[in-house]
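Values in this text are rule-based calculations from the coordinates and carry no lab data. As the structure is a computational prediction, the values presented were derived from the model and not from experiment. Positions of Cβ are generated from backbone atoms using ideal geometry, with glycine treated the same way; all protein chains shown enter the neighbour counts.
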Amino acid sequence: MVCERGLTWIKPTFLWMMYRCGWGGKVGQETVLAVEISRAGFEWALRHACLSSYAREVHPDRAAWQRELKRAPARVQWDPERDLRLRPLSHRALQLGLSGEAVRRYADEWTVAIHDVTPLVHEIHALVSSGDLASAARLLPQERPYPVGDESLAHLLG
């Protein structure tokens, strides 16, 4: 989770978060927390989200997208996923920005657990820095594609 531009951003993939926080080395981002949220909460956010940028395939026109963006309590952007050296990959990872009602729900209802993963981040980064990518990869949190019906994401696949 990262707070910026009036939004609370959920970064669901570990390596994208490492890219964002510089392996916990950026000023103000030295502590890395893994926040578990309920599936119901995550799916609520997806259902109530709009794309963070205009997509001709999804929106009838720019004005319609701007209206949707103003009213939506969540927004989605798709950014390149990252490898262990934090280089961009060809596939994209979902970033979920929350505002207003979504932030309240996130804090009061959806959060299941919070874990300080800073020591793990430093351990993995040290292995990457020393060139031991195989050992670093074994320590990565297990991530799987998120199973969700196409109808839930159709408005987010611009």
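Remarks
- Linear extension gain, residue 92 paired with residue 108, 0.36 nm per residue minus alpha-carbon span: 2.8 nm
- Prolate/oblate/rounded label for segment 1-127 (Cα gyration tensor, a/c 1.5): oblate
- Which of 26, 11 has the fewest Cβ neighbours within 10 Å, and the rest in rising order: 26, 11
- Ranked for footprinting exposure by Cβ neighbours inside 10 Å, fewest first, 114, 124 give 114, 124.
- Remark: segment 16-25, residue by residue, has Karplus-estimated 3J(HN,Hα) of 5, 5, 5, 4, 5, 9, x, 6, x, x Hz, where x stands for each Gly or Pro and the curve is 6.51 cos²θ - 1.76 cosθ + 1.60 at θ = phi - 60°.
- Additional length obtainable on full extension of the chain from residue 153 to residue 129, 0.36 nm per residue less Cα span: 4.9 nm
- You can think of it this way: the chain between residue 70 and residue 138 has 20.3 nm of extra reach, that is 0.36 nm per residue less the Cα-Cα gap.
- Each peptide among 14-22, 38-46 gets the average number of other Cβ atoms lying within 10 Å of its residues, and from highest to lowest they stand as 14-22, 38-46.
- CD proxy at 222 nm, helix term only [per DSSP H run n ≥ 4: -39500 (n - 2.57); per residue of the chain; nearest 500]: -9500 deg cm²/dmol
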